[in-house]
Each structure stands twice: as structure tokens, then as C-alpha cells.
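The values are calculated or read from the model by the stated rules, or taken from the named source; none is laboratory data. Only a predicted model underlies this, so the values are computations on that prediction, with no experimental measurement involved. Here the Cβ positions follow ideal geometry from the backbone for every residue, glycine too, while neighbour counts run over all protein chains shown.
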């Protein structure tokens, strides 16, 4: 299974708001968290549209997803600072 990864919170929030959930979030460093998505044609089109400035998502949902993602990121980074091994988070349990 191919995966798409990014640390760009704006892109992550846009993809989640568009209906593409991330599969995992992993701490890369004391200040960075990487999010993984299952690679698909829809994901590729959404990423391209995002960078072209043409991806349309509801603004309120996008804002709420930014806040939610910041919580996930801060929670994972806090666990790292507390000495836990590199933590991971899954948005959806399979």
C-alpha cells in the first residue's frame, strides 16, 4: 500500500475537511509531526488542487480541523517531551 506523507498542517486540515482521513501521525522531531494518508487518485487530485489554490472546503470545518490537528500535534509532542518513545496516533482504528 502506497502512502502520502506531509507535515503541512494546512494541507492536512484541507485533506481531512475534504473527506480524506489520515491513517497515522508520527513524531519526527521535538517540533514536527508527520501525517500519513492512503495514496489514491482522489488524494492526488486534492493535493494538486490545494497547491493550485482551487480546492474548495467549508471554511468553518477547515478551521475546526486546524484546531483539532493542533491538539493531536501538541499531545504527541508533549508525550515525547515526557520521555515516551516516539508516539503515534491513528485517526481511525482499522
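A single member of 43, 20 is surrounded by 16 or more Cβ atoms within 10 Å (Cβ to Cβ), in contact with a helix residue (DSSP H, G or I) (Cβ under 8 Å, 6 or more places away or on another chain), without any contact (Cβ under 8 Å) to a residue 40 or more places away in the chain and assigned to a loop (DSSP other than H, G, I, E, B), and it is 20. Can you find even one residue in the range 23-39 that is farther than 22 Å from residue 75 by Cβ and crowded, with 18+ Cβ neighbours inside 10 Å? Looking through the range 23-39, none of the residues is farther than 22 Å from residue 75 by Cβ and crowded, with 18+ Cβ neighbours inside 10 Å. Taken over the range 23-40, the criterion of being over 12 Å from residue 69 (Cβ atoms) and touching a residue at least 40 places away in the same chain (Cβ under 8 Å) is satisfied by 23, 24, 26, 27, 30, 31.
In the range 70-94, the residues that are at negative phi and surrounded by fewer than 16 Cβ atoms within 10 Å (Cβ to Cβ) reach residues that are modelled with pLDDT of 65 or more and assigned to a loop (DSSP other than H, G, I, E, B) with C-beta atoms within less than 6 angstrom, at least six apart or across chains, in these pairs: 92/21. Could you tell me whether any residue of the range 47-61 is surrounded by fewer than 17 Cβ atoms within 10 Å (Cβ to Cβ) and in contact with a helix residue (DSSP H, G or I) (Cβ under 6 Å, 6 or more places away or on another chain)? Scanning the range 47-61 turns up at least one residue that is surrounded by fewer than 17 Cβ atoms within 10 Å (Cβ to Cβ) and in contact with a helix residue (DSSP H, G or I) (Cβ under 6 Å, 6 or more places away or on another chain). Applying the criterion of being in contact (Cβ under 8 Å) with a residue 12 or more places away in the chain and in a loop (DSSP other than H, G, I, E, B) to the residues of the range 1-17, the residue that is farthest from the chain's Cα centre (by Cα) is 1.
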